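Working notes, structure below.
The values are calculated or read from the model by the stated rules, or taken from the named source; none is laboratory data. Remember, it's a predicted structure, so these values are computed and weren't measured experimentally. Every residue, glycine as well, gets a Cβ built from its backbone with ideal geometry; the counts of neighbours run over all protein chains shown.
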Amino acid sequence: MKQPLSSKGSRMSSSLQNRQIQKTVFLDRDGVINKDSKAYIKNWSEFTFLPKSLLAIKKLTRHHFHSYLITNQSIINRKMVPLKTLDKIHANMMAEVRSAGGRIDDIFFCPHVPEDQCHCRKPKPGLILSAQRKYRIDLSRASMIGDSAKDIECAKQSGCGFALLVKTGNYTEAAQILSDKGIVPDYVARDLYDAANWIIDNVNL
Ligand SMILES: [Mg+2]
């Protein structure tokens with residue numbers, strides 16, 4: 001079976017093994033944290049944070065939410081970018097998040113293309129389920145924030161309690177696809193900052 005990749009090893013600390021993390025937010029990357037590009041984000045110079053996205057992650061962190069990146073990165077199996085370049089992009093992103101006062105706890109990405117028939121490419125739930133197993137997350141109280149229909153579908157398929165659609169990326173297309181499928185996000189947010197505020201105000205933990 002083709003497995004999703006995590007940026008960290010699979011060993012958990014004993015404290016993590018003995019408790020359930022309750023305050024959890026899953027974040028899509030492109031179109032949520034940074035500007036998306038039809039040509040893909042192939043190096044750090046093409047990565048541009050969306051306005052207030054760093055502030056949003058800082059606010060979630062200050063409110064004791066654990067954030068996990070959940071992202072399809074088919075550029076790997078399309079052979080457009082080597083894994084070490086994606087790792088470098090993510091290392092730089094994490095450094096910027098940290099220096100802004102926020103924290104992303106871990107990164108789960110799917111390197112596959114649709115033809116790989118993996119279990120982790122969103123809208124399939126594999127990435128979220130991997131995070132759930134690794135960190136013993138109570139998905140019923142977890143939120144997923146994305147800009148595409150596949151993010152919302154992934155949240156629903158994995159049993160996430162809350163699915164939030166932001167307007168900063170693929171919103172127009174996403175809204176149409178979701179409407180056609182009869183899938184309703186729990187909240188439609190202007191941007192990641194608005195989504196973070198909604199979670200802080202509405203998800204009782
Ligand atoms: Mg996206």
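Summary of computed values
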{"read-out": "Within segment 36-48, considering residues that are within 16 Å of the ligand (Cβ to nearest atom) and over 18 Å from F109 (Cβ atoms), the one modelled with the highest pLDDT", "value": "T48"}
{"read-out": "Residues satisfying the stated conditions in segment 50-68, i.e. surrounded by fewer than 22 Cβ atoms within 10 Å (Cβ to Cβ) and within 14 Å of the ligand (Cβ to nearest atom)", "value": "L50"}
{"read-out": "Filter result for N92 (of a type outside the set (A, V, I, L, M, F, W, C), within 27 Å of R133 (Cα to Cα), in a loop (DSSP other than H, G, I, E, B) and in contact with a helix residue (DSSP H, G or I) (Cβ under 8 Å, 6 or more places away or on another chain))", "value": "no"}
{"read-out": "In segment 107-149, residue surrounded by the fewest Cβ atoms within 10 Å (Cβ to Cβ) [restricted to those that are among the basic types (K, R) and under 21 Å from L86 (Cα atoms)]", "value": "R121"}
{"read-out": "Residues of segment 62-114 that turn out to be in contact (Cβ under 8 Å) with a residue 12 or more places away in the chain and small (G, A, S), as a count", "value": "5"}
{"read-out": "Within segment 69-90, considering residues that are surrounded by fewer than 17 Cβ atoms within 10 Å (Cβ to Cβ) and aliphatic (A, V, I, L, M), the one farthest from the ligand (Cβ to nearest atom)", "value": "L83"}
{"read-out": "Condition check for C110: within 15 Å of the ligand (Cβ to nearest atom) and more than 26 Å from R190 (Cβ to Cβ)", "value": "yes"}
{"read-out": "Some residue of segment 172-188 being in contact (Cβ under 8 Å) with a residue 12 or more places away in the chain, within 29 Å of N77 (Cα to Cα) and within 12 Å of the chain's Cα centre (by Cα)", "value": "no"}
